[in-house]
1. Using θ = phi - 60° and the Karplus relation 6.51 cos²θ - 1.76 cosθ + 1.60, list the HN-Hα couplings for the range B:98-106 in order, rounded to whole Hz, with x at every Gly or Pro.
2. Taking amide hydrogens as modeled 1.01 Å from N in the peptide plane, which residues meet the under 5 Å criterion relative to residue A:210, leaving out close sequence neighbours?
3. In vacuum, with every alpha carbon of the protein assembly as shown counted as one equal point scatterer, what does the Debye formula give for log10 I(q)/I(0) at q = 0.07, 0.10, 0.13 Å⁻¹? Two decimals, please.
4. Let me make sure I get this right: for the range B:160-222, a, b and c are the square roots of the gyration tensor eigenvalues over alpha carbons, sorted descending. Under 1.5 in a/c it's rounded, otherwise prolate if a/b > b/c, else oblate. Which is it?
5. Using modelled backbone amide H atoms (1.01 Å from N, in-plane), which distant-in-sequence or interchain residues come within less than 5 Å of residue A:25's amide H?
6. Mind checking which of A:42, A:110, A:32 has the largest fluctuation in a GNM of chain A, springs on alpha carbons under 10 Å?
7. Below 15 angstrom from the Cβ of residue B:82, what's the summed charge of the other residues (Lys, Arg +1; Asp, Glu -1)?
8. So, with +1 on the Cβ of K and R and -1 on the Cβ of D and E, and no other charges, what is the size of the charge dipole of chain B about its Cα centre, to the nearest 20 debye?
Amino acid sequence: MSTPVLEVKGLAYAYPDGHQALFGVDLHVHQGERVALLGPNGAGKTTLVLHLNGIHTAGAGSVSVSGLPVEKANLQEIRRRVGVVFQDPDDQLFMGTVRADVAFGPANLGLKGAELDRRVMDALDKVGMTEFVDRPPHHLSFGQRRRVAVATVLAMEPEILVLDEPSSNLDPASRRELADILRSLDVTVLMVTHDLPYALELCPRSMVLSGGTVVADGTTYDVLTDDALMKENRLELPFGFDPRSTPRPAR
Amino acid sequence: MGAGHGHKLHYHGHSVVHRAPAHLKILALLAFMLVVVATPRDWYAAFAVYLGVIAVVVAVSKVPPTYILKRTVVEVPFLVFALLLPFVAQGPKTEVLGVTVSQHGLEAGIALVVKGTLGVLASLTLAATTEPQDLLAGLERLRMPNQLVQIMAFMVRYLDVVTDEMQRMKVARESRGFNARNPKHWPILARSAGALFIRSYERGERVHLAMLSRGYTGRMPE
């Protein structure tokens, strides 16, 4: 098989206070896949995300992106290749206007002038937010801010988009709009979530992170219908939702 | 959440004053303030002229005068201080409405009120006619150090987020029977302020991570 876009081998990490969050994580994501990383609260999901673009450096093991190891010397290139969309768009959108915010990443990569403008407008077009380009982010609705947060990362033309709880705090219409946007993107996606119906809708493949290791990896349908696995790892389907009776989502 | 449009000081409009370049407006305000401060305190006619200038600018900008007047409440603590001056200052005494006060203190107090009010009115006029973003761009054009402009930009960006957070904490407190009038409850206010500080600090850390994730290396891109 070709070089995975994302390859994590034996990754372990303990916080400076001694609390160990990851105990040897192994995973790989290939070009064009949409993969969900499922796990209960406190499973180490966000800690893992912060390793993917080198905010945390591995205590043991390694992370590589399209063959390039996540190391201090490569950080700038790694952060271009891995686009992380954080859970709270207010953390992600810190500039005065949507335009300045979306331009922040590509400008850090050294883009200027017309090329920078093109990147900004392309990214906003992909999330359907071009008309808001000159608005301050805090004047947008929560769903709109989440979409702009996705655009800030798309503008860097990443090889893999990592989304931390993309559906949290969204109303059903915003959820669906975001799902439509994610499906329309031609980019590899790793979606970290405990929103199981959303994982089933968007990601053909799922991994389960629990107790700091990956305990399952398979099609999302198989994972969600494995009752023993689900119970063991504190994953519960919301009331009334049964993947067995849900129509298979279109790819 | 995110619904309150416009800033509390800005009054939307398209007048000449609104459209004037922000850096010129900032320079004009600065020059005006220097002249006001440098004017001897007993040239009352000059102060009347300054007030006239502000009135003309406000009239041209089409911002309702009451809009600006209401916002001069920020000056109140300052006025209290000015009112105290005649009572605490030394020197020859004089009588006002049957109360003996210091002559120097009285004059200094009046000058403080007059100059301060002119300053507040002029600044509010600038704020009412200039978007915060344009103000920051204007400061940048005036070669204000980049770090200072960035700090102000973050303040503008997160002001609403932090006030929302404060508001939610207030609602949560009051929903559980908290009463700000009861002095026994005051320590809770202090603890809330501490919690708000820590939350804002942690948000700062998360924003920094988000910036690093998009290739920030310690300098804002041009």
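FYI, it's all coordinate maths here, none of it is from the lab. Every value quoted in this text rests on a predicted model; they were computed, and no experiment measured them. Cβ sites come from the backbone with ideal geometry, for glycine too, and all protein chains shown count toward neighbours.
1. The phi angles translate into x, 10, 7, 9, 6, 4, 4, x, 4 Hz.
2. Under 5 Å from the amide H of residue A:210 lie the amide H atoms of A:215, each far enough along the sequence or on another chain.
3. Debye output, listed in q order: -0.51, -0.88, -1.24.
4. Details: a/c = 4.19, a/b = 3.29, b/c = 1.27.
It comes out prolate by the Cα gyration axes.
5. It is A:10, A:11, A:12, by chain and number.
6. The residue with the greatest mean-square fluctuation here is A:110.
7. Details: positive: B:41, B:115; negative: B:75, B:107.
Once positives and negatives cancel, what remains is 0.
8. Values: 24 positive and 14 negative charges, 129 e Å.
That gives a dipole near 620 debye.
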